[in-house]
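Scroll down for the structure; my scribbles are underneath it.
The values are calculated or read from the model by the stated rules, or taken from the named source; none is laboratory data. Note that the structure is a prediction, hence the values are computed from the model and not measured. Cβ atoms come from the backbone with ideal geometry, glycine included; neighbour counts cover every protein chain shown.
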Amino acid sequence: MSSPSPTCLNCHRTEHQVPLLNLRFGGKEGWVCSQCLPILIHKPQQLADKLNLLEPLDPVPDDD
Ligand SMILES: [Zn+2]
């Protein structure tokens, strides 16, 4: 199983083009690059729609 290369949720550049930072939001996970991170910090509403499109995380198995 191969996972797709991570890309910035905003500009869609890959980890080969820019440093990507792992992002978690609302039980979902994605990536944002160092150049888009300030947008997320200062204007998160601009990325709200994109955050809502992130892939849900797999639920953690509860071994009990
Ligand atoms: Zn970006």
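Within region 46-55, identify whether any single residue is assigned to a loop (DSSP other than H, G, I, E, B), within 12 Å of the chain's Cα centre (by Cα) and of a type in the set (A, V, I, L, M), and answer yes or no. Yes. Among the residues of region 11-30, the ones that are within 12 Å of the ligand (Cβ to nearest atom) and either among the charged types (D, E, K, R) or at pLDDT below 95 (or both) come to 4 in all. From the residues in region 12-35 that are in contact (Cβ under 8 Å) with a residue 24 or more places away in the chain and not in a strand (DSSP E or B), which one is nearest to V60 (Cα to Cα)? Among residues in region 12-35 that are in contact (Cβ under 8 Å) with a residue 24 or more places away in the chain and not in a strand (DSSP E or B), the one nearest to V60 (Cα to Cα) is G27. Looking at (1) away from the ligand (no atom under 13 Å from the Cβ); (2) loosely packed, with under 14 Cβ neighbours inside 10 Å, find the lone condition where L54 falls short. (2) is the only condition that L54 fails.
Is there any pair linking a residue in region 44-64 that is over 12 Å from L23 (Cα atoms) to one that is part of a helix (DSSP H, G or I), with Cβ under 7 Å and at least six apart or on different chains, and which? Between residues of region 44-64 that are over 12 Å from L23 (Cα atoms) and residues that are part of a helix (DSSP H, G or I), the close pairs are Q46/I39; L47/I39; L47/L40.
Selection over region 12-25 of residues that are over 11 Å from the mean Cα position of the chain (by Cα) and not acidic (D, E) gives a count of 6.
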